[in-house]
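All remarks here apply to the structure that follows.
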Amino acid sequence: MKILALFLAALLPCLAAGPDVGKGRTMGDPAAPMLFELYSDFVCPGCKHLHENVLPAIILDYAKTGKAYLVFREFPLNIPAHVYARPAAAFAVAAAHIGKYRTVSDALFRNQQSWGLSGKVWETVASVLTPEEQKMVRALATDPAVLAEVQRDVDRGTKAALTQTPTVMITYKLKQQPWTQFGDYSLFRGYIDGLLKK
């Protein structure tokens, strides 16, 4: 019985991430003891802060050490100020299909204020891709399968009752807990390290 429980605990991150997320939007070992699902919106200033100032530490401390499997999920908020968030999410997911998710995400967050106001999402995305990559990403961004991937993330976040972005849904030992406070990374690290000791 104990072996079955250990097997299920090891398998949980793989099952929780599910087949709905391609490898291009994940980091780390799928067999890691912990799963982090990062829900973000490319127009959200808090998501920009997390992406640029906290995410590198999360990757270094947890994804690269095999302690957590990190899954990037799109959660474009459906509010007037975020009218370009869904197209940005579609371009990022499309870029994931050619192995350029992080490149495109970095560009979108870095230039958030510019394209978030002007609507020039494609120009921002295209600036970090080769002409061949641009062709592929532009075609994929309107593909019903890619749009469905974005919607699945939104539906998953809605089902989990997310109330804000960014949110990291932490899954450990069959329990899920959302984390939304990223002002002080040491609090997050202390919480995660405490869980991993249990």
With (1) surrounded by fewer than 17 Cβ atoms within 10 Å (Cβ to Cβ); (2) hydrophobic (A, V, I, L, M, F, W, C); (3) touching a Lys or Arg at 6+ places or on another chain (Cβ under 8 Å); (4) within 24 Å of ALA145 (Cα to Cα) as the list, and ALA57 as the residue in question, which single condition is left unmet?
(4)
Segment 159-193 - residue that is closer than 17 Å to ALA32 by Cβ and loosely packed, with under 12 Cβ neighbours inside 10 Å and, of those, modelled with the lowest pLDDT:
LEU174
Filter segment 59-97 for residues that are of a type in the set (Val, Ile, Thr), touching a strand residue (DSSP E or B) at 6+ places or on another chain (Cβ under 8 Å) and free of Cβ contacts under 8 Å to residues at least 60 places away in the same chain and give the result.
ILE59, VAL71
List pairs: first in segment 26-48 and closer than 15 Å to PHE72 by Cα and among the basic types (Lys, Arg), second at pLDDT 95 or above and outside any strand (DSSP E or B), Cβ under 6 Å, 6+ apart or cross-chain?
LYS48/PHE109; LYS48/GLN112
Has segment 116-123 got any residue that is in contact (Cβ under 8 Å) with a residue 24 or more places away in the chain, buried (at least 23 other Cβ atoms within 10 Å of the Cβ) and not hydroxyl-bearing (Ser, Thr, Tyr)?
yes
Quick count over segment 144-163, residues being closer than 11 Å to VAL93 by Cα and in contact (Cβ under 8 Å) with a residue 12 or more places away in the chain, is 5
Per the filter on segment 74-88, residues of a type in the set (A, V, I, L, M, F, W, C), under 10 Å from VAL43 (Cα atoms), crowded, with 21+ Cβ neighbours inside 10 Å and touching a helix residue (DSSP H, G or I) at 6+ places or on another chain (Cβ under 7 Å) are ALA88
Under 6 Å between Cβ atoms, at least 6 apart or on separate chains: pull out the pairs that start in segment 164-183 with a residue that is touching a residue at least 24 places away in the same chain (Cβ under 8 Å) and end on any residue that is in a strand (DSSP E or B) and exposed (fewer than 14 other Cβ atoms within 10 Å of the Cβ).
MET169/GLN176; ILE170/GLN177
Scanning segment 102-128 for residues that are aromatic (Phe, Trp, Tyr) and under 16 Å from PRO76 (Cα atoms) gives PHE109, TRP115
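The values are calculated or read from the model by the stated rules, or taken from the named source; none is laboratory data. All values reported here derive from a predicted model rather than from experimental measurement. For neighbour counting, all protein chains shown are included, and Cβ atoms are generated from backbone atoms with ideal geometry for every residue, glycine included.
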